[in-house]
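Here is the structure we will look at.
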Amino acid sequence: MAWSQDEERMLLQIERYLIDEDPRLAARLESFNERVQRRENDRRRRETGGTARSRRRPRRSTIVILVSWMLIVTLLAMLLVMILQQGAASALPL
């Protein structure tokens, strides 16, 4: 249902009054509206499948966790190799 011109004019007057009266509230509402709009756009993009370009990059925390796991695995593998080499060396008769 579309607004009549009088209703739109009244809403604009109310909006201007609120912006003049409390600019912090207006900024918060604008920020909230932008977040809601962004969330709606993301939801629509996911529903339509999106494109390859619209895929998000991994977050920094995800990359840090991945690198940490890789370091842990590497250290465990090195430790295992050292233990096996020491065990093999001690098994050889000198």
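Laboratory data are not the source of any read-out in this text; all were calculated from the coordinates shown. Given the structure is predicted, the values throughout are model-derived calculations rather than measurements. Here the Cβ is made from the backbone with ideal geometry for all residues, glycine too, and neighbour counts use every protein chain on show.
For the chain, the membrane-span-like helices by this rule, meaning whole DSSP H stretches whose C-alpha atoms cover at least 30 Å of axis and whose Kyte-Doolittle mean is 1.0 or above, are 60-91; this says nothing about an actual membrane. Taking square-rooted eigenvalues a ≥ b ≥ c of the alpha carbon gyration tensor, is segment 1-49 rounded, prolate or oblate, where a/c under 1.5 means rounded and, failing that, a/b exceeding b/c means prolate? Oblate is the answer for segment 1-49, as a/c is 1.5 or above yet b/c matches or exceeds a/b.
Each of I72, P58, T48 was placed along the dipole of the chain (beta-carbon charges, centred on the mean Cα), and the one lying farthest toward the positive end is I72. Recomputing Cα extents along the principal axes in Å from the coordinates shown identifies the correct label among (i) 108, 36, 7; (ii) 35, 33, 23; (iii) 102, 34, 17 as (iii).
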